[in-house]
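*Asks:* This is the structure I want to talk about, given as structure tokens.
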Amino acid sequence: MYLLLLIISILSPLSFANSLFTVEMDLYVDHREYGQDKAIKYQIVHSVGPSMNKVRAGLRSSLNYNYSVSDLTSVDRGSFIRTNYKLRVELLLENNTNPHNMNLIFPINPEIIFKKASRYRGKCAKSGYRGNARSFYWAWSPKVRGCKLKENIDYIKVKPVVIEKKNDLDNHLSSEFLVNGEYHLYYYYGSDYFSLRRFGLAGSAYASLQKKLKKRGFHSINTASFKSKALEKQNITSNLKIYSGELNGAKAFVYMMLGNSTEHTPRAKKEFFLFTKYALENGSSFTYSGHAGLGSVFNLDLQEKEYQMKINYNLNQKQLVFLDGCNTFFYSSNFFFRKKYLSNSLILVSNGLSISTKFYKQSVNTVFDILGVKSFTNKDLVFKINSFMKYQGASKDQYALVYALSN
């Protein structure tokens, strides 16, 4: 099964009810230089919404991460080749959102849409457009005032055809996260400043969870054994703490690393990979708070090659993965769902927009509170995270746009 989740904006209790739709669309794409496969990929990558329910120009579609195509036919029309095909995806939408009323926008010719839109001096893109092709495709939309791109000439609007609908957020979760009768919770906090000298709010969140753990009777334990097993050596550049206590009547261990996961600090970047690798192989949960590195942080396949190590994903263990950083939905959804979703062993929560560190750095600490409840649903998980965002004073535009789903 191919899966696509559309990010949902949590603005009221009603928005916690969600539905999963399987949809199909008949599309066509014009191309010459790209070739058929690349043209289809770029058309889907450069489609516009509904990647989230906020009505805003651009903020690119998330259709490009999980999809299948079929029924391909091509005709050479001289200056271009037209390829017709069928696109099948799955969409997670708010329960009160009707996919029959949605229009998805696709560029007809992804080879030339940027050059043509550039004639209108940026009037076809907002929200981070910097005058180059990359930022244009992130933020373009013919809905922007002053854009003169024309429907059926430059782009097409397509209504998805619903094949199937099912609800998926009300399953109760309790002891599914136990690993051999114990909880193992992993937290990574990435520096706000790409540095190991200054951590900013990441350091505050790191300290805040420790304070919470101590209040709950947890105590700090020696890290030497964990360093030998997970990090290969005792001398590390990142900060590491491990706490032991009890959660829901079961033994619980909380592993916390404060460092920097990007290429600015190579040693700390490898420590992030090793910590994440161990968490995904052995943990009940993995929670990340920090920069996304334009997706490089969550390209664990590439890091496997870089460090010549393989992550043995625990496909038999239900795990909660919370990635709290800018645009982590776009950067990680396909990767994690390919690895774990199809084995029914994943609940993934992520963000859809660039959001203020003031609000998201502390929200990851709610995972400890969530797992401390004996019975909860995916819906409860989303509610808890966004309630905390609201408590912190986040405006609606700054809310983490999150989803939670398990197969």
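The values are calculated or read from the model by the stated rules, or taken from the named source; none is laboratory data. No experiment lies behind these values; they were computed from the predicted model shown. Methodologically, a virtual Cβ is constructed for each residue, glycine included, from the backbone with ideal geometry; neighbour enumeration extends over all protein chains shown.
*Asks:* Counting just the residues of region 110-162 that are in contact with a Pro (Cβ under 6 Å, 6 or more places away or on another chain) and assigned to a loop (DSSP other than H, G, I, E, B), which one comes out modelled with the highest pLDDT? Step through it out loud before you land on a result.
*Replies:* The first filter runs over region 110-162 and keeps only residues in contact with a Pro (Cβ under 6 Å, 6 or more places away or on another chain), leaving 113, 149, 155, 160, 162.
The next check asks that each one be assigned to a loop (DSSP other than H, G, I, E, B); those that pass are 149, 160.
Details: LEU149: 87, PRO160: 84.
The selected residue is LEU149.
*Asks:* Of the residues PHE218, PHE273, PHE253, which single one is under 20 Å from ASN365 (Cβ atoms), surrounded by fewer than 22 Cβ atoms within 10 Å (Cβ to Cβ) and under 28 Å from the mean Cα position of the chain (by Cα)?
*Replies:* PHE253
*Asks:* Can you go through LEU300, LEU323, LEU315 and tell me which one is without any contact (Cβ under 8 Å) to a residue 60 or more places away in the chain and closer than 20 Å to THR377 by Cα?
*Replies:* On the way: LEU300 fails: closer than 20 Å to THR377 by Cα; LEU315 fails: closer than 20 Å to THR377 by Cα.
When all the criteria are applied, what remains is LEU323.
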